[in-house]
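Asks: Below is one structure. I have some questions about it.
Since every read-out is calculated from the coordinates, none of them should be taken as a lab result. All of these numbers come straight from a predicted model, not from anything done at the bench. Cβ placement follows ideal geometry from the backbone for every residue including glycine, while neighbour counts extend to all protein chains displayed.
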Amino acid sequence: MSTSDPAPEQPDALSSPGSDTTWFVVPLFNEGQVVGDVIRDLRTRYPLVVCVDDGSEDDSARIAEEAGAVVVRHPYNMGQGAALKTGIDYALRDAAMRQVVTFDSDGQHRVDDAAAMIATREEKGVDIVLGSRFLDDRTRPGLLKRAVLRGAVLYTNLTSGVKLTDAHNGLRVLGREACEKIAIEQNRMAHASEIVEEIGRHRFTVAEHPVHIIYTDYSRSKGQPLLNSVNIVIDMLFR
Ligand SMILES: Nc1nc2c(ncn2[C@@H]2O[C@H](COP(=O)(O)OP(=O)(O)O)[C@@H](O)[C@H]2O)c(=O)[nH]1
Ligand SMILES: [Mg+2]
């Protein structure tokens, strides 16, 4: 940021319960069009935000930084799984951190849902709260995407022993112990199934929480192509 730019507005750190002990980990790859609004919106309630920029070719990193996030940069594109690992490791360096929220940078996640999930973790006393777009009817993914996501859930429920309704939802709240123990080795999109398998392996307690994933023309044009589910299966089989 140049010295002539105004200092970023300081959000009220007490505005949401847990805001001083919760780090938002935000994977970032070529989202310059939207990431500034996403980070500003988030930081009105949760000031601790780390974006992991993963070799973006646009000005995503600069925009995220100007919006007030800490930005950690990978030297080249390593994948969303690798970015989450980097962001969680960063958050673990804060001794006061009690939980991490993984939150997308493309505007598909709602801060209200994250806040409700943080409250649920507290109320239920569980290690982890996972977002699910299939617990209510707010999210409309389209028939084919719905079928692929359902297939992913069946597969992950079988391999992990954890019974979920949505296995590939990027909105999660992970308590500190889960952050310390869950090993993410799948650099790319198979990390979502891997996280659920790790939850099963460590026997962490889990609650699901309904979330609204917002599908826009922007998110559809940029998001993971359905064909990528084939790559995910291959990644999982040959790890
Ligand atoms: N760091 C990093 N983030 C990524 C990568 N690919 C996607 N993302 C981010 O991860 C989030 C979800 O990715 P997206 O492609 O929208 O997946 P979808 O919503 O499941 O279709 C978004 O915030 C992206 O910016 C990547 O290779 N590296
Ligand atoms: Mg997306």
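Asks: Does anyone have the angle between helix 143-160 and the longest principal axis of the chain? Alpha-carbon axes, 0 to 90°, nearest 10?
Replies: Compared with the principal axis, the helix lies near 70 degrees.
Asks: Residue by residue through the range 53-70, which ³J(HN,Hα) values in whole Hz follow from phi under the Karplus form 6.51 cos²θ - 1.76 cosθ + 1.60 (θ = phi - 60°), with glycine and proline marked x?
Replies: 7, 10, x, 4, 8, 9, 9, 3, 5, 4, 5, 5, 5, 5, 7, x, 7, 6
Asks: Mind checking the angle between helix 228-237 and the chain's longest principal axis? C-alpha axes, 0 to 90 degrees, to the nearest 10.
Replies: For 228-237 against the chain, the angle is about 70 degrees.
Asks: At each listed q (0.08, 0.09, 0.10, 0.14 Å⁻¹), what is the log10 of I(q)/I(0) that the Debye formula gives for the chain modelled as equal alpha-carbon point scatterers?
Replies: -0.27, -0.35, -0.43, -0.88
Asks: Next question, about the same structure. Name the residue farthest towards the positive end of the dipole of the range 68-160 from the options Thr156, Ala69, Leu84, assuming +1 on Cβ of Lys and Arg, -1 on Cβ of Asp and Glu, about the Cα centre.
Replies: Of Thr156, Ala69, Leu84, it is Thr156.
Asks: If you don't mind, there's one more thing I want to ask. Mean separation of Cα pairs under 8 Å and 6+ residues apart, divided by the residue count of the chain: what relative contact order is that in percent?
Replies: 21 percent
Asks: Size of the dipole of the chain about the Cα centre, Lys and Arg at +1 and Asp and Glu at -1 on the beta carbon, nothing else charged, in debye to 20?
Replies: 880 debye
Asks: List the GluC sites (Glu not before Pro) within the range 146-196 that DSSP assigns to loop and that have no more than 16 neighbouring Cβ atoms inside 10 Å.
Replies: For GluC sites (Glu not before Pro) across the range 146-196 that sit outside H, G, I, E and B with at most 16 neighbouring Cβ atoms in 10 Å, the list reads Glu185.
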